[in-house]
Amino acid sequence: MTADARGGVTVFTIGMRINNFRAVRSWWPVFRAMPRILKELSRDRGSGMLGYQLLLGGPRLLYVVQYWESTEKLLAYASDQGKEHRPAWAAFNRRVREGKGKVGFWHETYDVPAGAHEAVYINMPEFGLGKAIGVVPVGRRGDRAADRLKAA
């Protein structure tokens, strides 16, 4: 199977690293904010978030890969004063200053144009981009990765 890609996609990765497990006051609010944000986005089909995948990178590292219709919709959500993200971001910034390195955070944004992404899923449940936008048999988009990259 392959992702049913019909255009560009914005990929947004966001995560946290627990630098000090005993500093629960520093990292627990960050940990709790993300499920609320994801729930809000999942309920709002107009938000532009297509889907997401939660990932664990060992005991200290948690992150989310999000798939968006566009960078514009991602940025609009991030700056919307009436949504979950803005107050969570403000609270996080306060805690980071007070916490002195007890929790780490990062995010990365990739604006991927049509024809510049492809995916293959073999013996996998819905996952990643395929889970976000749906899957089709590989042959519909080309049997080789090079074919699928051209067929946006």
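The values are calculated or read from the model by the stated rules, or taken from the named source; none is laboratory data. Please read these numbers as outputs of a predicted model, since none were measured by experiment. With ideal geometry, Cβ positions are generated from the backbone for all residues, glycine too; neighbour counts draw on all protein chains shown. Side chains included, ligands, DNA and RNA excluded: accessible areas come from the protein's heavy atoms. Shrake-Rupley method; radii C 1.70, N 1.55, O 1.52, S 1.80 Å.
The table below lists the values:
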read-out: In region 97-147, the GluC sites (Glu not before Pro) that fall in loop regions by DSSP, at most 15 other Cβ within 10 Å; value: E126
read-out: Heavy-atom accessible surface of the chain: percent carbon and sulfur, 1.4 Å; value: 55
read-out: Simple label model, 7 Å out from Cα along Cβ direction - R36 to R6, nm; value: 3.5
read-out: Residues whose placed amide H lies under 5 Å from that of F105, excluding near-sequence neighbours; value: R17
read-out: In Å², nearest 10: area of M1 left accessible to a 1.4 Å probe; value: 90
read-out: Inter-label distance for R144 and L61, nm, one decimal - labels placed 7 Å from Cα along Cα-to-Cβ; value: 3.4
read-out: Contour minus Cα-Cα distance for W89 and N20 (0.36 nm per residue); value: 22.8 nm
read-out: Cβ-defined net charge surrounding G8, 9 Å radius [Lys, Arg +1; Asp, Glu -1]; value: -2
read-out: Efficiency of FRET between F127 and H107 - r from beta-carbon atoms, R0 22 angstrom, step 0.05; value: 0.55
read-out: Convex hull volume per residue for region 46-117, taking Cα atoms only, in Å³; value: 115
read-out: Surface accessible to a 1.4 Å probe, per residue, for the residues of the chain, Å²; value: 60
read-out: Selection from G57, A78, S47 lying farthest towards where the dipole of region 33-152 points positive, charges on Cβ; value: G57
read-out: Magnitude of the charge dipole, the chain, Cβ model with Lys/Arg +1 and Asp/Glu -1, debye to 20; value: 780
read-out: Region 1-42, dipole about Cα centre (Lys/Arg Cβ +1, Asp/Glu Cβ -1), debye to the nearest 20; value: 300
read-out: Volume in Å³ per residue [convex hull over Cα atoms, computed for region 1-81]; value: 114
read-out: S42, S70, ranked by accessible area, largest first (probe 1.4 Å); value: S42, S70
read-out: Dipole magnitude of region 65-110 about its Cα centre (Cβ charges: Lys, Arg +1; Asp, Glu -1), debye to nearest 20; value: 400
read-out: Anchor K73: lysines whose Cα lies under 20 Å away (excluding residues fewer than 8 positions away in-chain); value: K39, K83, K131
read-out: Sequence of W89, W27 from largest to smallest accessible area, 1.4 Å probe; value: W89, W27
